[in-house]
């Protein structure tokens, strides 16, 4: 394929897509269903290969219990549909058309008027209005919630998927290096964000980021965004780089001190890192998620670093398209799942304005740290502005 079509081809070999579809079909048959209607953009791409930046429009993949999938989308996506989807059965709609009626006709032609189907009701663009219109156009359809069918299968990544996440980790490290080189007294958060974004894109990210970035009072609160605020000597800058390669994510967080750090701050960050090291040492296949989660919470609380600890400590990351920022598997005191080889997590710890995190992949014997940036407090040198 010509070089300029790099972004318009399947991201994986056809055999991998067929294996994914076969696993979904096995679940459908076990549940006595005729098909799955997959509306979540990640499900559509993961199952068929089809990807367009216009995934917020009305589109879905129809996965029958037997046979090849079909894709229904807007006609202006035809170029990407024909080049990225590994299956040949397609249907399109045009602007101004009665889209629910066209979708209903597409479904009925392949399943009949009274099929029993699972529907991804959890898909963010499957609004109530869209569903009611489709259901009204297919009165004989017997629908039930897919209940995270595809999402559960996606939690364990293939080696090819994790390879994209390793590449994203390299982009994240480039972003953090840019933050380190740019941040300083007299420099704005916006300047630091611009440096991070440029570095990550040049390093292979197809997602601009930069991720949470905040200083001053906002550094004490999660998910701050960059502003025009100018950094001052002694500030804490909370920085997380969140790139993606083929929309497969890896990310990590570091604390940056502007120009100087007190011994108390250095000791606090060392304690945070020690707690995370202890928690990660407990991670291995078959280990309940509550084990390292408890180490995080008890370690932070016993050291007096926080008065309480309510946020999750691990969450799964993989193929994620905005506005989605994480997969649903999370570690908390009430988690009921165990770690499995092929799962990938962002794992983080927070105390006051100090945050530290990594992306890890679960291996057959333990875990691999995908983000390999130095595990240390970053203190920027004094700069002349």
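Quick look at the numbers
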| item | result |
| --- | --- |
| Filter result for the condition that a residue is at pLDDT 95 or above, in contact with a helix residue (DSSP H, G or I) (Cβ under 8 Å, 6 or more places away or on another chain), assigned by TED's automatic domain parsing to the domain that holds residue 57 and more than 18 Å from residue 38 (Cβ to Cβ), over 118, 195, 94, 172 | 94 |
| Test result for residue 76, assigned by TED's automatic domain parsing to the domain that holds residue 93, surrounded by fewer than 22 Cβ atoms within 10 Å (Cβ to Cβ) and more than 17 Å from residue 122 (Cα to Cα) | yes |
| Count of segment 245-274 residues which are over 22 Å from the mean Cα position of the chain (by Cα), part of a loop (DSSP other than H, G, I, E, B) and crowded, with 21+ Cβ neighbours inside 10 Å | 1 |
| Qualifying residue in segment 182-192 (condition: touching a strand residue (DSSP E or B) at 6+ places or on another chain (Cβ under 7 Å), under 14 Å from residue 252 (Cβ atoms) and part of a helix (DSSP H, G or I)) | no |
| For residue 114: the one exception among (1) in contact with a strand residue (DSSP E or B) (Cβ under 8 Å, 6 or more places away or on another chain); (2) over 23 Å from residue 29 (Cα atoms); (3) not in a strand (DSSP E or B) | (2) |
| Subset of segment 275-306 [touching a helix residue (DSSP H, G or I) at 6+ places or on another chain (Cβ under 8 Å) and in a loop (DSSP other than H, G, I, E, B)] | 282, 283, 303, 305, 306 |
| Residue in segment 338-350 that is out of contact with any strand residue (DSSP E or B) (no Cβ under 9 Å at 6 or more places or on another chain) and touching a residue at least 24 places away in the same chain (Cβ under 8 Å) present | no |
| Elements of type strands (runs of 3 or more DSSP E) in segment 323-385, at least 3 residues being modelled with pLDDT under 95 and surrounded by fewer than 16 Cβ atoms within 10 Å (Cβ to Cβ) | none |
| Residue in segment 56-65 that is surrounded by the fewest Cβ atoms within 10 Å (Cβ to Cβ), counting only those that are in a loop (DSSP other than H, G, I, E, B) and touching a strand residue (DSSP E or B) at 6+ places or on another chain (Cβ under 9 Å) | 57 |
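The values are calculated or read from the model by the stated rules, or taken from the named source; none is laboratory data. None of the values given here were measured: they were computed from a predicted structure. Reconstructed Cβ throughout: ideal geometry from the backbone, glycine too, with neighbour counts over all protein chains shown.
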